[in-house]
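Asks: One structure follows; several queries about it will come next.
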Amino acid sequence: MAKKALITGITGQDGSYLAEFLLKKGYEVYGIVRRTSSLGRQRIDPLGYGPDRDRLHLVYGDLGDASRLAVLMRTIMPDEIYNLGAQSHVRISFDIPEYTMDVVALGTVRLLEAMRETGIETRFYQASSSEMFGKVVETPQKETTPFHPRSPYAVAKVAAHHIAVNYRESYGMFICNGILFNHESPRRGENFVTRKITRAVAEIKLGRRKQLALGNLDAKRDWGFAGDFVEAMWMMLQQDAPDDYVIATGETHSVREFLEEAFSYVGLKWQDYVVSDPAFFRPAEVDLLLGDASKARQKLGWSPKIDFKGLVKLMVDADLEALK
């Protein structure tokens with residue numbers, strides 16, 4: 001009998017890659033979607049026409065609706081739950097901090113309570129974030145590095161991370177926290193800096209725009225490919241015992257380096273097109289993130305397949321193709 005997985009945030013970048021991965025593994029995949037005026041399902045639409053479409057099920061729900069989450073637990077009885085749903089934009093979390101805290105932190109509590117109250121035997125993956133390290137106290141960052149969050153989003157993720165650990169220790173639940181560093185792809189939202197860059201590069205190359213406005217060009221991130229990172233999520237839930245893992249490439253690059261790589265790939269100089277706009281600066285900046293994923297390599301056997309240059313090229317090529 002096929003395993004059943006329940007995914008929150010299935011219409012997002014990570015959710016769509018994870019659903020695709022699990023379908024190939026033979027899972028029955030259930031994705032929670034919100035009822036909104038716009039469907040916003042373009043990332044998972046192709047899965048509805050593939051050979052595994054009969055095993056993909058979209059169900060209405062919301063991380064703000066505890067009673068509905070409990071109903072879904074009882075009716076689906078998932079073997080694995082992947083909590084990827086969030087208001088995940090760091091800069092925007094400063095504008096809507098209350099909503100961000102409710103969805104990210106309390107949404108996790110609601111899911112865990114639904115699991116506990118219904119008593120289902122399941123394994124739970126919590127999407128933690130490298131943003132939790134914030135103002136880092138050591139480099140590289142690993143599972144034991146203290147958190148110093150620098151945004152409402154990061155604070156909410158820290159709360160969700162700790163409540164997940166608390167439920168694991170208090171109730172003996174199989175719960176894993178994946179502390180994922182930045183992971184990008186052609187499916188990344190266009191208001192995230194990497195996708196803003198690759199989309200603009202494609203438009204400038206094709207003569208459709210002349211300028212790109214960005215914030216802090218000196219911020220450094222550990223960027224990987226989302227398709228590689230979702231495999232690590234699954235690996236965590238296949239272990240004999242639950243644990244927490246940092247997932248990262250072990251390399252850090254600045255936004256400036258990303259610009260250089262993307263623009264030079266199409267034969268352009270980024271300095272001719274990029275301007276600095278204070279509107280895109282965060283009130284509190286995270287200057288440097290660099291992950292140590294040695295624990296994941298040793299215990300899970302996981303390592304990234306696509307490097308930084310390959311990721312940039314993949315994203316630029318996808319945006320060029322989409323615009324053409």
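Asks: Select from region 196-222 the residues that are assigned to a loop (DSSP other than H, G, I, E, B) and either free of Cβ contacts under 8 Å to residues at least 12 places away in the same chain or in contact with a helix residue (DSSP H, G or I) (Cβ under 6 Å, 6 or more places away or on another chain) (or both) and write down the one among them that is farthest from residue 179 (Cα to Cα).
Replies: 207
Asks: Looking only at region 258-288, count every residue that is acidic (Asp, Glu) and open to solvent by less than 80 Å² (accessible area, probe 1.4 Å) and tell me the total.
Replies: Residues flagged as acidic (Asp, Glu) and open to solvent by less than 80 Å² (accessible area, probe 1.4 Å) within region 258-288 amount to 3.
Asks: Out of the helices (runs of 4 or more DSSP H) lying entirely within region 225-323, which hold 2 or more residues that are among the aromatic types (Phe, Trp, Tyr), touching a Leu at 6+ places or on another chain (Cβ under 9 Å) and at pLDDT 95 or above?
Replies: Per the criteria, 226-236.
Asks: Checking the condition charged (D, E, K, R), in a helix (DSSP H, G or I), modelled with pLDDT under 95 and surrounded by fewer than 23 Cβ atoms within 10 Å (Cβ to Cβ), which residue from 91, 116, 110 passes? Outline the logic, then answer.
Replies: Working: 116 fails: modelled with pLDDT under 95; 110 fails: modelled with pLDDT under 95.
So the residue among 91, 116, 110 that is charged (D, E, K, R), in a helix (DSSP H, G or I), modelled with pLDDT under 95 and surrounded by fewer than 23 Cβ atoms within 10 Å (Cβ to Cβ) is 91.
Asks: Restricting attention to region 66-93, report how many residues are in contact (Cβ under 8 Å) with a residue 40 or more places away in the chain and either within 22 Å of residue 174 (Cα to Cα) or among the charged types (D, E, K, R) (or both).
Replies: Result for region 66-93: 18.
Asks: List the residue pairs whose Cβ atoms are under 9 Å apart, where the first residue sits in region 1-21 and is free of Cβ contacts under 8 Å to residues at least 60 places away in the same chain, the second is in a helix (DSSP H, G or I) and open to solvent by 10 Å² or more (accessible area, probe 1.4 Å), and the two are 6 or more positions apart or on different chains.
Replies: What qualifies is 2/55; 19/47; 20/46; 20/47; 20/227.
The values are calculated or read from the model by the stated rules, or taken from the named source; none is laboratory data. Here the structure is a predicted model, which is why all the values come from computation and not from measurement. With ideal geometry, Cβ positions are generated from the backbone for all residues, glycine too; neighbour counts draw on all protein chains shown. Ligands, DNA and RNA are excluded from the accessible area calculation, which covers all protein heavy atoms including side chains. Shrake-Rupley method; radii C 1.70, N 1.55, O 1.52, S 1.80 Å.
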